[in-house]
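Each reported figure results from applying straightforward, stated rules to the coordinates on display, with no laboratory input. As the structure is a computational prediction, the values presented were derived from the model and not from experiment. Cβ placement follows ideal geometry from the backbone for every residue including glycine, while neighbour counts extend to all protein chains displayed.
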Amino acid sequence: MNLLCKEFSEKILPAIRKYMVKKLRNFLTQQKIAKNLGISQSLVSLYLNEKRGSGIRIKKCMKKELDKLCMNIVKGNMKKEDIYKKLLKITKNYYKNKKLIAPCLK
């Protein structure tokens, strides 16, 4: 696996999922969140309990796009494959403009 893919799968995607899970938890059950995001309920629990997805800060411009996606999920306006496509489109911006996501400064 190349370094870019490793960074994405181990750091960026978990941070994005964590952000989305925390937004969706006020509207959907853990099971429904898991189904919509294509992850397990136990992984949803790990995100909610701060055990996964830390170390990356998602900046405001990306949060706005993720918030829109979350609201469409809550409203039931999207099929699972459309959720994946939109998430992919949003995350592609990371590679075009690294300013969308930055490591947390601790």
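Where helices (runs of 4 or more DSSP H) fall entirely within the stretch 1-66, none has at least 3 residues that are touching a His at 6+ places or on another chain (Cβ under 9 Å) and over 18 Å from T91 (Cβ atoms).
Select from the stretch 18-43 the residues that are β-branched (V, I, T) and closer than 16 Å to K79 by Cα and list them in ascending order. Once the filter is applied, which keeps residues that are β-branched (V, I, T) and closer than 16 Å to K79 by Cα, the stretch 18-43 yields I33, I39. Among the residues of the stretch 49-62, those identified as surrounded by fewer than 16 Cβ atoms within 10 Å (Cβ to Cβ) and either under 13 Å from the mean Cα position of the chain (by Cα) or among the β-branched types (V, I, T) (or both) are S54, R57, K59. Assess whether R52 counts as being over 20 Å from K86 (Cβ atoms), basic (K, R) and touching a Leu at 6+ places or on another chain (Cβ under 6 Å). Yes, satisfied.
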